[in-house]
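Here the structure comes first, spelled out in structure tokens, and everything after it is commentary.
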Amino acid sequence: MNPVNALHSLARPKILVLGATGGTGRLIVKEALARGFSVRVLARSPAKASGLEGAEVFIGDARDEAALRKALEGRDAVVSALGTPVSPFKEVTLLSSATKALVNAMKAAGVSRLVCITGMGAGDSAGHGGFVFDRLILPALLRKVYADKNRQEAIVRESGLDWVLVRPSVLNDKSAKHEIRALTDLSGFHGGTISRADVASFVLDQVHTNTWLGRSPLITW
């Protein structure tokens, strides 16, 4: 698809947020509403969507293409903040299966902009998380999660959509610093942290700018 689109000129982008009930997703919704965006979320139940006042809530499963098509009606862009619990032993497929359904639904709905959060350690950022993350945390707790993140990234890259893959370093719940480094050259980089609030801000910037279109920046402080 043509990477030059009209999103940058929209006064009030209309976005669909997946994963809106998670820690980062909730901050994305809050920040988007503060910016004046029209925000719709897809949540599994009304109880899960508690606290997302101001956003339009659609109930459904992110792996259900029919539910996604309905939620995409009238939207300009999608922000995916989907996450999955630590799973040392059980195979993880949620991220890739939901992303595959999302790509199909977006194409059917004519929505081209996708900003998708994965994580430090996905794709060619593997091996840049620092000793503890790379040698202990990822292999012991996150190996299966990251295998699915890699499948998710491959689906996005091959989608033909106007995409940005955002790879945050280790997340924390501190206040935003507004001093974000976005890196694609990771030589010499070995781990870092960033607040969920700063991730939310960076992700929403990508809804209407083309700076990182078709790229996979790792973001960190």
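Since every read-out is calculated from the coordinates, none of them should be taken as a lab result. Because the structure is a prediction, the values reported are computed rather than measured. Positions of Cβ are backbone-derived with ideal geometry, glycine not excepted, and every protein chain shown enters the neighbour counts.
Some observations on this one:
- Stretching ASP205 away from SER45 to a fully extended chain increases their span by 54.8 nm, per 0.36 nm per residue minus the current alpha-carbon distance.
- Listed by Cβ neighbour count within 10 Å, with the fewest neighbours leading, LEU204, LEU141, LEU94 appear as LEU141, LEU94, LEU204.
- Residue order, fewest to most surrounding Cβ atoms within 10 angstrom, among SER87, SER50, SER159: SER50, SER87, SER159
- The chain, relative contact order in percent, only Cα pairs under 8 angstrom and at least six apart counted: 23 percent
- Neighbour-count ranking [beta-carbon atoms within 10 angstrom, fewest first] of ILE180, ILE59: ILE59, ILE180
- In summary, the lysines within cross-link reach of LYS30, defined as a Cα separation below 18 angstrom excluding same-chain residues under 8 places away, comprise LYS14, LYS48, LYS174, LYS177.
- A convex hull fitted around the alpha carbon atoms of the chain yields 113 Å³ per residue.
- Lysines with Cα under 21 Å of LYS100, excluding same-chain neighbours fewer than 8 positions away: LYS70, LYS90, LYS144, LYS149
- Given +1 at the Cβ of Lys and Arg, -1 at the Cβ of Asp and Glu and no other charges, the dipole of the chain around its Cα centre is 260 debye to the nearest 20.
- Cβ-placed point charges (K, R +1; D, E -1), dipole of segment 92-219 about Cα centre in debye, nearest 20: 260 debye
- Charge dipole of the chain about the Cα centre (unit charges at C-beta), most positive-ward option of ILE28, VAL199, VAL57: VAL57
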